[in-house]
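Quick notes on the structure that follows.
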Amino acid sequence: MRAFLLSTAAAALLAPAPASATDITIGSSLAHACYLSSFHSIPGRFAVRECDRALEDELLSDNDRVATIVNRGIVKMSLGDFRGADYDFDTAIRMNADEPEALLNMGLLRLRQSRLEEAIGYFDRSIDAKTLRPALAYYVRAISQEQLGNVRGAYADLIRARELDPNWPVPAKELTRYHVRQ
């Protein structure tokens, strides 16, 4: 079952925060609580403990285990525990190299760490893997590209983010900073 990684990292860097929950687990109370904590960006050690207990005590499918690890990473990132978040996202990616929400969140973490080239690589991979939040992936890739001086690439990514989610005002607002000359 797929949930969707909202974005907590997006809110921190002009909105770049964790992308929210990756998979929702029905019938598994601790894994579901972990998902809800990541989805609502509820920071707190209690949320991390819920995720830990879900991973230790519940019978989870491989997909639900990966999702719960990503969700725990999101909670850790929200708490500023970048080392713990890095470990969780890396673990999830090792378990499933094509998990788009793990890739997106690892990119958000790298963006928050100012490791911009790495962030772009993860955003590229999350887009290729069909993230549930493609507009967010293009938006945060635009932020990374602009910080690296690639203004044309940033502009193109902001256009794409706006096209993918026309109801999300952030990319459109960012585009007002650009003046295109013919």
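The values are calculated or read from the model by the stated rules, or taken from the named source; none is laboratory data. Note that the coordinates shown come from a computational prediction; the quantities given were computed from them, not determined experimentally. With ideal geometry, Cβ positions are generated from the backbone for all residues, glycine too; neighbour counts draw on all protein chains shown.
Annotations
- Yes/no for Asp124 being more than 20 Å from Ser38 (Cα to Cα), more than 12 Å from the chain's Cα centre (by Cα) and part of a helix (DSSP H, G or I): yes
- Count of the range 28-48 residues, restricted to those that are small (Gly, Ala, Ser) and at pLDDT below 75, is 3.
- Here Glu101 meets each of (1) in contact with a helix residue (DSSP H, G or I) (Cβ under 6 Å, 6 or more places away or on another chain); (2) surrounded by fewer than 24 Cβ atoms within 10 Å (Cβ to Cβ); (3) not aliphatic (A, V, I, L, M) with one exception, condition (2).
- Test: residue in the range 129-146 that is among the aromatic types (Phe, Trp, Tyr) and in contact (Cβ under 8 Å) with a residue 40 or more places away in the chain: yes
- Residue in the range 46-74 that is surrounded by the fewest Cβ atoms within 10 Å (Cβ to Cβ), counting only those that are hydrophobic (A, V, I, L, M, F, W, C) and part of a loop (DSSP other than H, G, I, E, B): Leu59
- Close pairs (8 angstrom Cβ cut-off, 6 or more residues apart or separate chains): within 15 Å of Ala85 (Cα to Cα) in the range 109-123, among the polar types (S, T, N, Q) anywhere: Leu111/Ser144; Ala119/Ser144
- Those residues of the range 75-96 which are modelled with pLDDT under 95, buried (at least 24 other Cβ atoms within 10 Å of the Cβ) and more than 12 Å from the chain's Cα centre (by Cα), in sequence order: Lys76
- Across the range 127-148, the number of residues qualifying as of a type in the set (S, T, N, Q) and part of a loop (DSSP other than H, G, I, E, B) comes to 1.
- Residue in the range 104-121 that is surrounded by the fewest Cβ atoms within 10 Å (Cβ to Cβ), counting only those that are within 24 Å of Val48 (Cα to Cα) and either touching a Gly at 6+ places or on another chain (Cβ under 9 Å) or modelled with pLDDT under 95 (or both): Arg110
- From the list Glu56, Glu101, the one residue that fits, being modelled with pLDDT of 80 or more and in contact with a Leu (Cβ under 8 Å, 6 or more places away or on another chain), is Glu101.
- Residues located in the range 86-100, provided they are among the acidic types (Asp, Glu) and more than 16 Å from Leu111 (Cα to Cα): Asp88, Asp98, Glu99
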